[in-house]
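Below you'll find the structure, written out as structure tokens, and then a few comments.
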Amino acid sequence: MTDGELPRALLREFAAVVGEAHVLTGDATAGYAVDWTGRFRGHAPAVLRPADTAEVAGVLAVCHEACVPIVPQGGNTGLVGGGVPGHGEVVLSLARLDRLDPVDADAGQVTAGAGVPLQRVAGADPGLDLGVLIASRDSATVGGAVATNAGGLRVLRYGPMRAQLRGVEAVLADGTVVSHLAGLVKDNTGYDYPGLLAGSEGTLAVITAARIQLVPRPAGPVTVIVGLSGPGEVHALARAALRTVPGLLSAEFFTRAGLDVLAGHADLVPPLRGPVPAFLLLEAAGLSAAEDLAALAGDYPVAVATTPADRARLWAYRERHPEAAGFLGVPLKLDVSVPAAQWVTLATGVGEVVQAVDPGARLIIYGHVADGNLHVNVVPAAEADGRHEDAVFGFVASLGGSISAEHGIGALKARWLPLIRSAPERALFARIRAAFDPAGILNPHVLPR
Ligand SMILES: Cc1cc2nc3c(=O)[nH]c(=O)nc-3n(C[C@H](O)[C@H](O)[C@H](O)COP(=O)(O)OP(=O)(O)OC[C@H]3O[C@@H](n4cnc5c(N)ncnc54)[C@H](O)[C@@H]3O)c2cc1C
């Protein structure tokens, strides 16, 4: 194999499996080689676009035989560089596996191809919804959401993607297809490999389809944004909401700093008047949702929305936050979590921790407060040489937290995994990985081997 290129014979083998039109090379690969933030850029000697599970199996059999490393890619909305060919890997795009079966009304479940965008699953049945809601849902795919165990805006109610899974179809590194899609709620017949593939970031197998449990579509949702003095009040009110609002769906935090950037760059007029430093967005459904949220907000300044258009307007303040840091530069997206009791310490202290290593850095924080999750977005002024991660992840580890709440380890965080996973745990990971992929061709630079 020549540097940066694949032998013609290999390209012909791929073309024999997926068709010549679906073996992309040269300029046509550019969009597949850079991530959403622009921080991770690589080079793909080829992008392969199989149409179905059989073609995925055919591609993997060829790669296994020739020892060609691959990076699976769905919607390419991942935020840790895990779907980008950082070391010249072949990209295996699952976008064409976009078959969505009819909803099984008896079970409230649906089987979706790996390339189906999450929004299509959410809209598959007027009375049902997908429990996972993320701002990237128009592009993020079922396969990517399973592979990252995506979390998002409703984890407090429905759990992450792993909790929605009732089965998986996947192709192992050597091209073997494994399939368990009957959707049985009770099925104790051996290892739960669908659960294991959730969060495996393309390192164990290529997911080709998932059986997903849908949830009842929330009735009459009400959204409020409450203005508060800082993380302490935000945390206290979110904890109170968890205890007293039975229909609670979301509890989301953001600050004036992020809102000011969005006001300047995206024309978002702040939702509340006056100098409000911190915001808590709460959403609840059910007959008493409006009264429950009003009682909770009490005398705090609050914006309330009940119609779909008004709710979308309030949600934009939170859902556009992932873009905010990007308006200032190329951000480092450090998605972390801590035990509930440490969240205020994290949210109030992380700014100082970053300033200590890079006084000119810009910081935008927001996140899923009820899950102990904080998205720490750093736009460095100093060189991005690992000092920001050292500082933030070290602080998080000292609080007993995790360096990845929901985005995964990817390429961004591989170096810091030992901070929170012991040597015996990492050795176990390596043995599991070797059992699934002995030749080491699946996303070899994601998660330490
Ligand atoms: C604006 C914005 C908001 C976001 N909000 C959230 C949020 O709230 N919560 C959250 O959890 N994430 C969030 N994300 C991150 C991202 O959308 C999720 O990680 C999503 O699940 C990735 O799906 P994807 O199809 O884009 O996967 P990709 O980015 O294509 O891939 C992600 C990882 O999964 C692997 N992979 C992809 N498809 C497969 C497959 N079929 N089989 C095996 N491995 C595969 C890749 O190799 C890579 O390691 C957000 C991203 C953006 C841009």
(message) Please report the accessible area of residue 29 (heavy atoms, 1.4 Å probe, ligands and nucleic acids excluded) in Å², nearest 10.
(response) 10 Å²
(message) Viscosity 0.890 mPa s, temperature 25 °C: give me the Stokes-Einstein translational D for the stretch 271-414 in µm²/s, with Rh taken as the Kirkwood radius over C-alpha pairs.
(response) 146 µm²/s
(request) Just reorder 193, 317 by solvent-accessible area, largest first, 1.4 Å probe, all chains present. (result) 193, 317
(request) Distance between Cα centroids, the stretch 307-367 to the stretch 382-441: provide it in whole Å. (result) 21 Å
(request) Determine the gain in length on full extension of the stretch residue 356-residue 196; use 0.36 nm per residue of separation and subtract their C-alpha separation, reporting nm with one decimal. (result) 53.7 nm
(message) Please give me the summed charge of the neighbours of residue 324: other residues whose Cβ is under 12 Å from its Cβ, Lys and Arg +1, Asp and Glu -1.
(response) +2
(request) Please report, in Å, the Rg and the Dmax of the stretch 93-148, where both are computed over Cα atoms only. (result) 10.7, 33
(message) Just to confirm my numbers, what's the Cα centroid distance between the stretch 70-116 and the stretch 200-220 in Å?
(response) 10 Å
(message) To the nearest 20 Debye, how big is the dipole of the stretch 245-326 about its Cα centre, given +1 on the beta carbon of each Lys and Arg and -1 on that of each Asp and Glu?
(response) 160 debye
(request) Over every pair of different alpha-carbon atoms in the stretch 173-328, take the mean of 1/r and invert it; report that Kirkwood radius in Å. (result) 18.5 Å
(message) Looking at the calculated P(r) for the stretch 238-316, what percent of the C-alpha pair distances fall above 19 Å?
(response) 38 percent
(request) With a point put 7 Å past each Cα toward its Cβ, work out how far residue 449 is from residue 215 in nm, to one decimal. (result) 3.9 nm
(request) For the stretch 355-449, just the Cα atoms, rotate onto the principal axes and tell me the three extents in Å, largest first. (result) 45, 32, 20
(request) Would you mind calculating the relative contact order of the stretch 137-265 from Cα pairs under 8 angstrom and at least 6 residues apart, reporting the percent as a whole number? (result) 29 percent
(request) Mind putting a number on the dipole of the chain about its Cα centre? Charges go on the C-beta only, +1 for Lys and Arg and -1 for Asp and Glu, and I need it in Debye to the nearest 20. (result) 460 debye
(request) With a 1.4 Å probe and every protein chain kept in, tell me what percent of the accessible surface of the stretch 196-287 is carbon plus sulfur. (result) 61 percent
(request) For the stretch 291-424, with all protein chains present and a 1.4 Å probe, just round the carbon and sulfur fraction of the accessible area to a whole percent. (result) 54 percent
(request) Towards the positive end of the charge dipole of the stretch 175-262, with charges on Cβ (+1 Lys, Arg; -1 Asp, Glu), say which of 245, 226, 189 has the farthest Cα. (result) 245
(request) For every other residue with a beta carbon closer than 15 angstrom to the beta carbon of residue 166, add +1 if it is Lys or Arg and -1 if Asp or Glu, then tell me the sum. (result) -3
(request) Can you tell me which of 403-411, 7-15, 209-217 comes out highest on packing, and rank the rest after it, using the mean Cβ neighbours within 10 Å? (result) 403-411, 209-217, 7-15
(request) Give me the accessible area per residue for the stretch 283-431, probe 1.4 Å, as a whole number in Å². (result) 41 Å²
(request) Given the peptides 58-65, 367-374, 285-292, arrange them by the average over their residues of other C-beta atoms within 10 Å, most packed first. (result) 367-374, 58-65, 285-292
(message) At 0.36 nm per residue, and after removing the present C-alpha to C-alpha distance, how many nm does the segment from residue 239 to residue 387 gain when stretched out fully?
(response) 50.0 nm
(request) State, to one decimal in nm², a quarter of the convex hull surface area for the C-alpha atoms of the chain, i.e. the direction-averaged projected area. (result) 21.6 nm²
(request) Mind listing the long-range amide H neighbours of residue 245? Cut-off is under 5 Å, sequence gap 5 or more, other chains count too, H placed in the peptide plane at 1.01 Å from N. (result) none
(message) If packing is taken as the average count of other Cβ atoms within 10 Å, what order do 246-254, 232-240 fall into, highest mean first?
(response) 246-254, 232-240
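The values are calculated or read from the model by the stated rules, or taken from the named source; none is laboratory data. This is a predicted model, so every value here is computed, not measured. Cβ coordinates were reconstructed from backbone atoms using ideal geometry, including for glycine residues, and neighbour counts include every protein chain displayed. Surface areas here come from the heavy atoms of the whole protein model, side chains and all, with no ligands, DNA or RNA. Shrake-Rupley method; radii C 1.70, N 1.55, O 1.52, S 1.80 Å.
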